[in-house]
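S.K.: Sending over a structure as C-alpha cells; questions will come in a sec.
Values quoted throughout were computed directly from the atomic coordinates according to the rules given, and no laboratory measurement underlies them. These numbers were taken from a predicted model, which means no experiment stands behind them. Please note: Cβ atoms are built from the backbone with ideal geometry, for glycine as well, and neighbour counts cover all protein chains shown.
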Amino acid sequence: MDFIAILSIFALTCFLGCYGVWRARSAVHATTPTGTLIAVSILGIGTLIAPARAADAPAMPPLKPFMVAISVADLKAETDWYVEKLGFKVEKDVNIGDGRVYFRWLTLGDQRIELVYSPTATDATPARPKPPGHAGLHGFTHVTLETDDLDATKAALAARGVTPALDVTEVTPLGIKVIYLTDPEGNAVEIAQRLKN
C-alpha cells in the first residue's frame with residue numbers, strides 16, 4: 001500500500017473518530033475528556049480498517065521442493081560419494097566470483113542436492129554427531145530420499161561399501177521406516193520407505 005493510500009486511511013479514521021465523538025458526547029458521561037474519546041474512536045475504526053489492508057495482499061503462488069544445499073569442504077569427494085554410492089548425476093557445475101564459490105547440482109529423479117564449496121569457508125562448531133544424535137543441534141539435519149524397498153536399497157548400498165549410520169528403524173507415528181547414512185563429511189542422508197497401512 002502506497003503512502004497516499006495510508007495517509008487517506010489515517011485522515012478518514014481521524015475524521016470518523018472526531019465525528020463519532022461529537023455524536024456520542026452526550027451519550028457518554030460529560031466529564032470524559034474529549035481527547036480520550038477521540039483516541040478510542042480512532043483506534044476502534046483503525047482496527048476495522050486494518051484487516052481490509054491485509055486482504056489486499058496478493059495470494060502466494062504454490063511452492064514445491066526444489067533442492068537442498070550443503071556446504072562442503074571437499075567438492076570432489078562429496079560428488080564422488082553421491083554419484084557412486086547413491087546414483088546421483090551432475091546436472092550443473094558453475095563457479096561465481098572467479099572461484100570464490102562453486103555450485104554443483106546433483107540430481108536423482110526429482111531430488112536435487114546443491115553442493116556448495118568455498119575455499120574460505122570454515123567448519124561448523126560443534127561438530128554434528130552421527131544419527132540419531134545429529135538432530136540435537138539446530139539447523140540443517142539431513143536430506144531425505146524415498147525408496148519403495150528399503151531392504152533392497154540397503155543391500156545395494158552394502159554392495160557399494162556403504163554401512164548405515166543408523167540401521168533400519170520403524171518410525172510408526174510418521175508411517176515410515178528409515179535408514180541413515182553419512183556422507184564423507186558427516187552430513188546425514190535419510191532413506192525412507194512408507195509403511196503399508
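S.K.: With contacts defined as alpha carbon pairs under 8 Å and 6 or more residues apart, what's the relative contact order of segment 86-127 in percent?
M.R.: The normalised contact order for segment 86-127 reaches 31 percent.
S.K.: Report the relative contact order of segment 46-197, percent, no decimals, based on alpha-carbon pairs under 8 angstrom and at least 6 residues apart.
M.R.: With pairs under 8 Å counted, the relative contact order is 19 percent.
S.K.: Which of Ala121, Gly109, Ser71 sits farthest toward the positive end of the charge dipole of segment 64-122, with +1 on the Cβ of Lys and Arg and -1 on the Cβ of Asp and Glu?
M.R.: So the residue we want is Gly109.
S.K.: Another question, then. With just the Cα atoms defining each centre, how far is segment 138-197 from segment 78-108? Give it in Å.
M.R.: Between the Cα centres of segment 138-197 and segment 78-108 lies a distance of 21 Å.
S.K.: Order these peptides, 148-155, 103-110, by their mean beta-carbon neighbour count within 10 angstrom, highest first.
M.R.: By packing density, highest mean first, the sequence is 103-110, 148-155.
S.K.: Give the order of Phe140, Phe66 when sorted by the count of other beta carbons within 10 angstrom, beginning with the fewest.
M.R.: Listing Phe140, Phe66 from fewest to most nearby Cβ atoms yields Phe66, Phe140.
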